[in-house]
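The values are calculated or read from the model by the stated rules, or taken from the named source; none is laboratory data. Computed from a prediction, not measured in an experiment: that's the story for all the values here. In this analysis, Cβ positions are derived from the backbone assuming ideal geometry, glycine residues included, and neighbour counts consider all displayed protein chains. Ligands, DNA and RNA are excluded from the accessible area calculation, which covers all protein heavy atoms including side chains. Shrake-Rupley method; radii C 1.70, N 1.55, O 1.52, S 1.80 Å.
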Amino acid sequence: MAQIAMVMNLDKCIGCHTCSVTCKQTWTNRPGTEYVYFNNVETKPGTGYPRRYEDQGQWKGGWALDRKGRLQLKAGGRLRRLLSIFYNPNLPSIDDYGDPWTYDYQTLIDAPAGTLTPSAHSISALTGRDMRVRWGSNWEDDLAGGPAGAAADPDLAGLGDRVRLAFEQVFMFYLPRICEHCLNPSCVASCPSGAMYKREEDGIVLVDQDRCRGWRFCVSGCPYKKVYFNHRTGKAEKCTLCFPRIEAGQPTICAETCVGRLRYLGLVLYDADKVLRAAATADPRDLYHAQLSVFLDPDDPDVRAAAARQGVPADWLDAARRSPAYALIARHRVALPLHPEYRTLPMVWYIPPLSPVADTVTAAGYDADDPDQVFAAIEALRVPAEYLANLFTAGDPGPVRRVLRTLAAVRTLMRAGQLGLAVPDGLAASVGATEADLADLYRLLAIAKYDERYVIPPAHAEDAGRLMAQHEQLFCAQPGGPDSFHPAAAQEFRDRDGRRHLGLSPRGQS
Ligand code: SF4
Ligand code: SF4
């Protein structure tokens with residue numbers, strides 16, 4: 001089967017939140033979704049959005065193994081969930097997401113002349129009442145939460161003062177998050193109404209608005225907390241991976257507008273028969289490798305023949321060969337899954353950040369041109385490999401170290417080329433690669449242009465006409481033109497199977 005996957009290079013995220021803003025303007029600029037960010041950007045270390053969503057001891061999201069080693073939802077079996085249908089204790093409250101607020105701007109305009117400068121106080125966007133802001137969806141941005149808040153980051157568990165002290169030297173990185181469009185989605189398995197579904201052709205996970213009954217088991221079942229409840233419509237909503245754009249061969253809005261150009265989109269072929277076995281791998285530390293084993297090499301003639309037999313079109317197979325996502329995840333193995341221990345087999349992968357290594361090398365008096373010393377300095381990074389391992393490899397620092405060493409080797413190779421230095425002997429081999437591999441990685445990570453970062457085959461030709469007509473209707477044909485559109489009105493549209501979806505503001509508003 002074919003799955004559209006995303007990779008994000010965390011070294012390049014500048015935390016500008018453009019992705020969150022453009023996503024919100026496109027999809028959740030409507031009543032009932034004020035608190036919702038399909039795309040959000042967290043500062044790490046930090047507790048995230050909603051607060052401490054990674055603590056599955058509290059929220060019971062994702063999958064666990066039962067005593068016989070079989071997969072079952074962490075929230076319990078069908079009976080347990082049915083018994084809690086009218087009271088689901090594992091749902092975050094609006095205080096965990098952050099009560100969205102606006103300001104009383106009118107006071108600034110209407111205040112009578114006086115000696116004091118008028119100020120606009122904060123008002124809840126949900127209740128319209130005055131409120132005192134104490135928490136928000138991005139409260140910890142750029143360390144705004146400070147060490148006291150960040151100490152509650154579940155990924156710091158077991159790392160003691162080592163990270164705490166390093167954190168107080170003000171090291172951080174950004175973690176942009178969207179729905180993972182998992183291969184083994186616990187949101188779909190949690191839904192009693194059959195409203196959540198995973199599209200067969202490209203693996204995008206969606207909610208059918210007509211079938212959703214608002215039970216919210218998908219919200220608690222998703223360990224990444226990427227399904228949201230619309231309190232106006234009484235239905236669940238989530239990131240759609242901008243599927244109308246993907247179907248037209250265009251990248252998602254968050255990727256299109258990413259200032260750091262750190263997002264990659266492409267197809268990954270996988271063996272659907274291996275998914276459940278991989279997700280049930282006994283040791284969580286083996287889940288990263290288990291998920292890798294599910295992916296198929298698009299250059300393998302047997303794989304191509306099998307995919308063609310399953311109905312994957314020829315242009316999709318061609319796109320899979322050129323996929324930057326497959327190259328970064330499986331060929332170069334520098335991208336890692338977020339929290340594989342949730343056992344959902346997520347499909348948005350991350351290249352962990354290396355940035356501070358140069359500072360660390362210099363500060364420690366090492367020679368930045370000596371790869372051995374650079375590799376040694378990786379151990380001294382202010383955010384230790386163990387912290388990154390808690391995020392990306394269920395606590396196994398081995399793969400994280402290998403990725404960081406590979407990224408450091410790319411830098412050393414390119415630095416040698418730029419400065420006319422000799423390439424250190426055995427540099428590429430020391431990270432299990434060739435010089436051509438490292439050069440290809442440099443191309444992908446540093447200079448890849450738009451059509452190399454986004455390799456998205458358009459939907460089948462027979463659908464193209466309908467899709468373009470739908471796009472024109474949505475983006476261009478608002479009665480009275482785009483300027484007459486009221487952003488608060490929900491835009492409804494149907495996908496090719498006739499299922500109903502919400503969102504998608506016209507171009508004039510986004
Ligand atoms: Fe479902 Fe997305 Fe959550 Fe995965 S990340 S469980 S696909 S909502
Ligand atoms: Fe990071 Fe790109 Fe989002 Fe800016 S737009 S916060 S660089 S992911």
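Quick look at the numbers
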| read-out | value |
| --- | --- |
| Breaking point among (1) open to solvent by 30 Å² or more (accessible area, probe 1.4 Å); (2) in contact with a Cys (Cβ under 6 Å, 6 or more places away or on another chain), for residue 38 | (1) |
| Inter-residue pairs, beta-carbon under 6 Å, first more than 6 Å from ligand 2 (Cβ to nearest atom) and in the stretch 7-23, second among the charged types (D, E, K, R), 6+ apart | 8/263 |
| Scan of the stretch 11-28 for residues that are more than 16 Å from ligand 1 (Cβ to nearest atom), of a type outside the set (Ser, Thr, Tyr) and surrounded by 21 or more Cβ atoms within 10 Å (Cβ to Cβ), ordered by number | 13, 19, 24 |
| Subset of the stretch 79-106 (residues that are β-branched (Val, Ile, Thr) and at pLDDT below 90) | 85 |
| Conditions (1) in contact (Cβ under 8 Å) with a residue 40 or more places away in the chain; (2) of a type outside the set (Asp, Glu); (3) open to solvent by 10 Å² or more (accessible area, probe 1.4 Å); (4) closer than 17 Å to residue 291 by Cβ: number failed by residue 222 | (4) |
| Residue 49 vs. criteria among the hydroxyl-bearing types (Ser, Thr, Tyr), within 16 Å of ligand 2 (Cβ to nearest atom) and not in a strand (DSSP E or B) | yes |
| Set 318, 369: member being at pLDDT 95 or above and open to solvent by 10 Å² or more (accessible area, probe 1.4 Å) | 318 |
| Count of the stretch 199-219 residues which are open to solvent by less than 50 Å² (accessible area, probe 1.4 Å) and closer than 21 Å to residue 497 by Cα | 10 |
| Exclusive hit being out of contact with any strand residue (DSSP E or B) (no Cβ under 9 Å at 6 or more places or on another chain) and closer than 17 Å to residue 11 by Cβ, set 448, 408, 439 | 408 |
| Some residue of the stretch 52-61 being within 16 Å of ligand 1 (Cβ to nearest atom), open to solvent by 30 Å² or more (accessible area, probe 1.4 Å) and touching a helix residue (DSSP H, G or I) at 6+ places or on another chain (Cβ under 9 Å) | yes |
| Subset of the stretch 177-196 (residues that are more than 16 Å from ligand 2 (Cβ to nearest atom) and more than 23 Å from residue 296 (Cβ to Cβ)) | 186, 187, 189, 190, 191, 192, 193, 194, 195, 196 |
| Extreme residue, nearest to ligand 1 (Cβ to nearest atom), among residues of the stretch 227-264 that are part of a strand (DSSP E or B) and open to solvent by 30 Å² or more (accessible area, probe 1.4 Å) | 229 |
